[in-house]
Each structure stands twice: as C-alpha cells, then as structure tokens.
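Encoded as structure tokens, the structure appears first; notes follow it.
Just so it is clear, none of the values below were taken in a lab; they were calculated from the coordinates. If you're wondering where the values come from, they're calculated on a predicted model, not measured in any experiment. FYI the Cβ positions are ideal-geometry reconstructions off the backbone, even for glycines, and counts take in every protein chain you see.
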Amino acid sequence: MPAVHGGRPFRPAADVRPGAPDTDFDNKVRLHFMSEQNRENRPFVDVVKVTKVYSPDIVALQDVSLSVDRGEMIFLTGMSGAGKSTLLKLISCMERPNKGLIEVAGRDTAKLKKGEIQELRQQIGMAYQDFKILPRHTVFQNVAMPMEVLYRPGREIKERVNEVLEALRMDHKKNLPAGKLSRGEQQRVAIARAAVNRPALILADEPTGNLDSEISTLVMKLFTELNEGGSTIIIATHDSSIYEGTSHRVVRLEHGMFTA
Amino acid sequence: MSRLKYHIKQTWRNLGQSWGTQIMTLFTVSLSVLIFSFFLLIYVNILAAGDRFSDELRLVVYLDHEVVPEMQPQIRKKIMDFSEVENIVFVSRKEAFERFRKQLGKNSDVLDDLGPEIMPPSIEVSPLRDLEHLSQLKEFSDYLATLPGALKVQYGQNWVERFGHFTELVRMTVIMSGVLLVMATGFMVSYTIRLTVVAKDAELEILRLLGASSSYVQTPLLIEGLMQGIIGSTLGMALLYALYTWAAGRLSGPGFLRLFDLTFFSPLTACAIILVSIAMCTGGSLIAIRKYMRI
C-alpha cells in the first residue's frame with residue numbers, strides 16, 4: 001500500500017526493498033528504445049535508486065527513487081540535511097550520483113554530452129537556496145538572464161521580466177543592484193529568475209525561507225500559475241505552511257531516504 | 001534579441017566592467033604596432049634608398065687589353081653565369097679617353113699631347129637593384145677580378161659594405177620588434193581576457209547553470225579581443241603616420257638628403273599589418289578562453 005501524502009499516493013519508481021530484483025535497469029534499457037512520442041508519456045523526472053555520498057563518507061542520499069509526471073507539482077519535505085537540496089542538484093545536473101539513474105525529460109542525465117546538458121538546463125528554472133544572484137547586476141538584469149541565454153527578443157524579455165517582478169511585488173526595485181536588497185528580496189529575485197522563462201521544470205530550494213507569509217503566498221500563486229501552464233515543479237521546503245492542505249503530492253526525506 | 005546584438009551588448013558590458021585594463025591593453029597593442037611598424041618603415045625606406053643608390057652603382061673592371069668584339073659574348077656569358085646583371089658595357093681605350101676629355105671640360109687641352117693609350121679599357125657592370133644582389137657585391141667583385149686580363153675591379157666598396165651591414169642591423173631590429181609585437185599583443189590580450197574571466201567567475205558559474213551555450217559566453221570575449229586588435233592596431237598605425245608626416249617634412253630634401261626621401265607604407269602593407277595585429281589579438285583571446293574558461 002503506497003504512502004499517502006497530501007491526498008495523492010507516493011509512487012516509488014522502483015521496488016527498493018532490500019534484495020528485490022533490479023528490474024528497473026532492464027526497463028530503462030527498453031525505454032531507451034522507445035519513440036520520442038512514448039517519452040512524452042513517461043515521468044518527466046525519474047530518479048531510480050540513486051545514492052549520493054560526499055567525501056569522505058557522508059551519505060546524502062541512499063537508494064532514493066522518485067517519479068514526477070509531466071505537469072505535476074510536488075513538495076519535497078524534510079529537515080535540514082535530509083538530502084532535499086542534493087536531490088535537486090542531481091536532477092539539475094549540478095552534481096552526479098554515485099549510484100543509480102536519473103532521467104529528466106526521458107533522457108539519462110549521466111549520458112548527456114556537454115551541449116545536451118546545456119539544452120536540458122535551459123528547460124530547468126532553479127531557485128537556489130543561496131540565491132546565486134549577481135550583486136552588481138540590477139534586479140532586472142539578474143531576472144533577464146535565462147531569457148538572454150536563449151537570445152529572446154528584447155521586447156519579450158522586458159515584458160516578461162516586468163510581469164514576473166510585478167507578480168512578486170519587486171517591479172519597483174528592478175533597477176537597483178541586487179546586492180543592495182534584503183535577503184527576502186534577493187530570494188524573490190532568485191525565484192523570479194527561475195520562473196521568468198516559463199521553464200518545463202522548476203526546482204525551488206527553500207523558496208520561502210526568508211519570506212513572510214504574505215509574500216510566500218505570492219510565490220506559491222506564481223508557482224501554481226506556472227504549474228497550470230504546464231510546468232513541472234518540485235519544491236524542496238521545510239516550511240509546512242506552504243504545503244499544508246495542498247492537493248499536490250508531498251514526499252518526505254529523512255537521512256537521505258524517503259519515508260512513508 | 002538577435003545573437004549579434006546580444007553579443008555586442010555583452011561585449012560592451014565587459015568593456016565597461018574592466019575599462020582600466022582595457023585601456024592598458026589598447027596602449028600596449030598600439031605601442032607594439034607602432035614600434036614594429038616604425039622599424040619596418042625604416043627598413044622599407046632603406047631599401048628604397050638602396051634602390052636609388054644602386055641606380056648609379058657600377059662595377060668597373062679595368063683590363064690590360066681591349067676585348068675584341070668576337071670575345072665579348074663569351075665574357076658576357078661568363079659574367080652572367082655568376083649573377084644576373086642589369087647591363088654590361090665594354091669600354092674601349094678610345095671611348096674612355098673621350099669620356100675623360102668630356103669630364104675635364106675646359107681643361108681638356110691637357111690631353112692634347114696624349115693619346116687614348118693612356119686610358120685602360122674596361123667593362124662596366126651594373127648589378128641588379130635589389131638588396132640580395134647588392135649584398136653580394138664583394139663576391140661578385142672578386143669573381144670579376146678573375147676575368148681574363150682583369151687588372152682591378154672598382155666600386156664604392158666600403159660604402160656598400162657599410163650600407164649592407166646597416167641594412168642587416170635594421171632587418172634584425174624589424175624581426176625583433178615583430179617578435180615583440182607578437183608576444184606583447186598576444187600576452188596582453190590573453191591576460192586581459194583572463195582577468196575578465198576571473199572577474200566574471202560568479203557570472204559564468206550562473207550562466208553555466210542556466211544552460212548558456214559556449215558560443216553565448218565565449219563570443220563576447222572573442223569580440224573583445226577583436227576590438228582591441230582593431231582599435232589598438234589602427235591607433236598604432238595612425239600614430240606612425242603622424243610621426244612619418246612630421247619626419248618627412250624635415251628629412252626630405254634635395255641633394256644627399258634626397259637619398260632619404262621618406263615614403264610611407266602602401267595601403268596594402270598598412271592593412272596587412274593591421275589585419276595581422278587583429279588576428280593576433282583575436283588569437284590571444286581565443287587561447288585565454290580555451291585555457292581559463294570552463295564553459
């Protein structure tokens with residue numbers, strides 16, 4: 001009986017019981033020969049028995065499996081150090097797993113070449129826990145970066161950046177250097193940058209960590225709109241207020257493993 | 001946003017972020033081009049002066065007896081076997097005597113009691129007017145001295161040798177300043193790009209995470225090197241032209257100074273120097289990008 005979080009079943013992508021036959025890898029081989037059309041029907045993010053160990057022997061994730069469907073929004077919860085950020089980094093190809101398989105948009109991330117990783121990352125909007133914004137660039141310049149990377153027309157960039165900043169009530173500060181902002185404002189800049197391109201996949205790492213409840217609501221509203229527009233969203237958070245009573249799936253990580 | 005427009009915008013941003021270093025690089029590129037072009041211009045002008053000088057340069061082979069017309073083709077062939085020449089003239093005693101009389105002008109009456117037998121017959125050889133042939137005059141002269149009946153070979157030996165040595169010195173200077181140009185421009189541009197890369201480390205990291213393509217990140221830096229090359233070398237060439245205009249007004253003149261009648265590079269040569277400098281600057285930035293960038 002699968003565990004139920006937030007009203008939806010938690011579907012492990014593989015049988016992770018000790019000693020269970022490792023049929024998933026056979027399945028993956030088969031799936032690689034599937035047509036592009038079939039890929040559309042597969043989970044958008046598929047994490048299969050992934051282990052990540054940091055030197056010397058810190059186990060961040062152990063045999064973790066998770067499938068996220070295209071257009072789904074899920075909450076990844078757990079205490080600090082549970083492995084939430086690590087999982088997001090693995091999905092966004094910032095890091096590589098020691099063991100296991102990660103597929104995003106039907107492609108095994110371990111087999112992607114440099115150019116393919118760049119293409120994949122263009123489809124991912126990530127709001128980092130440490131923001132990763134450029135303090136000397138203006139708010140507008142920071143938020144516009146993902147669209148500039150795709151050489152979007154200037155007018156389109158302007159319209160969309162203003163739209164997102166307005167949604168997060170940051171439009172009045174768009175010409176200020178990002179380094180001059182408070183942490184909460186910088187966090188909103190990071191979220192705006194992740195959302196500006198309407199990416200296929202949004203990974204948000206503690207997106208409301210520095211925000212008050214009113215702004216948190218705005219952030220969740222933006223995510224919900226993007227999700228309704230077709231974006232797949234994974235939100236790592238330990239802020240229960242943003243997922244309490246949600247109709248979306250909630251999965252919990254503890255000590256590098258999913259718990260029921 | 002069109003790609004070119006973006007790349008230009010990004011290049012402009014880069015230039016604005018490190019304008020101090022950019023100016024230093026421009027200064028170095030300009031100075032290197034100026035130094036190299038300066039010595040090259042001197043060399044070119046010396047060659048031109050050599051050409052003018054060689055117009056009047058002849059090797060005169062004095063003979064103990066006249067060369068009969070039947071023998072002249074053989075002598076001519078013997079000379080041509082050693083080196084191609086512009087002209088060979090056989091001068092008889094009588095012709096030499098008449099020339100001498102003309103040279104004496106009003107005083108030619110001193111020759112009235114004398115006959116052509118006082119003048120030695122000779123062969124006048126005009127070498128080709130290029131530096132290669134001029135620099136071999138000594139060997140050529142030694143060879144001419146071995147011709148049948150040759151008594152002595154005369155030409156402005158000391159002057160030509162000194163001229164040859166001086167030309168060689170300038171040629172070495174041109175080569176060395178060329179090496180300086182290559183090293184200075186390549187190194188400085190590469191160093192500037194490296195500084196830009198280091199200064200933009202955080203930005204490059206974020207761009208990498210956003211999936212920026214290699215061309216997206218690298219093209220502005222390449223344009224930066226290209227612009228340093230275009231502006232720096234054009235400025236260097238313009239400075240040299242200003243220097244030339246200034247010097248030409250003072251050194252050119254009649255008489256002996258005419259030997260140093262200055263000329264500037266042809267437009268083709270000037271463009272070639274600028275293009276080579278641009279290529280080196282762009283190459284320097286390409287090397288730095290390959291070496292220091294992770295994207």
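For the reader, a short list of remarks on this structure follows.
- Antiparallel DSSP beta bridges within the protein assembly as shown, as percent of all bridges there, nearest 5: 65
- Distance between the modelled labels on residue B:263 and residue A:151, one decimal in nanometres: 4.7 nm (7 Å Cα→Cβ projection).
- Dipole magnitude of region B:58-155 about its Cα centre (Cβ charges: Lys, Arg +1; Asp, Glu -1), debye to nearest 20: 160
- Stokes-Einstein D for region B:58-155, Kirkwood Rh over Cα pairs, 4 °C, 1.567 mPa s (µm²/s): 90
- Eligible aspartates and glutamates near residue B:152 by straight Cα distance, threshold 16 Å, same-chain separation 8 or greater: B:64, B:66, B:124, B:139, B:142
- Reachable lysines, given that their alpha-carbon falls under 27 Å from the alpha-carbon of residue B:200 and they are not under 8 places away in the same chain: A:89, A:113, A:114, A:132, A:158, A:173, A:174, A:180, B:5, B:9, B:291
- Full-stretch length increase - residue A:99, residue A:42 - with 0.36 nm per residue and alpha-carbon distance subtracted: 18.4 nm
- Computed on the protein assembly as shown, the Cα convex hull volume stands at 241 Å³ per residue.
- Label-point separation in nm, residue B:47 to residue A:69, each point 7 Å along Cα→Cβ: 7.9
- Shielding of B:4-10 by partner chains, average beta-carbon count, 10 Å: 2
- Based on Cα contacts under 8 Å between residues 6+ apart, region B:142-295 shows a relative contact order of 37 percent.
- Counting, for every residue in B:196-209, the Cβ atoms of other protein chains within 10 Å of its Cβ and taking the mean gives 3.
- In terms of other Cβ atoms within 10 Å, B:214, A:247 run from fewest to most in the order A:247, B:214.
- Sparse-neighbour loop sites [GluC sites (Glu not before Pro); region A:157-260; at most 12 other C-beta within 10 Å; DSSP]: A:244
- Proximal aspartates and glutamates to residue A:111, defined as alpha-carbon separation beneath 16 angstrom and excluding residues fewer than eight positions away on the same chain: A:46, A:95, A:103, A:119
- Alpha carbon centroid spacing (whole Å) that separates region A:189-216 from region A:87-127: 20
- Highest-fluctuation residue, B:104, B:251, B:195 considered, GNM on chain B with Cα pairs under 10 Å: B:104
- Chain B: DSSP helices with Cα axial extent of at least 15 Å and average Kyte-Doolittle hydropathy no lower than 0.0: B:19-55, B:157-199, B:214-251, B:267-292
- GluC sites (Glu not before Pro) lying in DSSP loop within region B:69-131, provided at most 15 other Cβ fall within 10 Å: B:70, B:84
- Most mobile of B:142, B:201, B:113 in a GNM of chain B (Cα contacts under 10 Å): B:113
- Most mobile of B:87, B:45, B:107 in a GNM of chain B (Cα contacts under 10 Å): B:107
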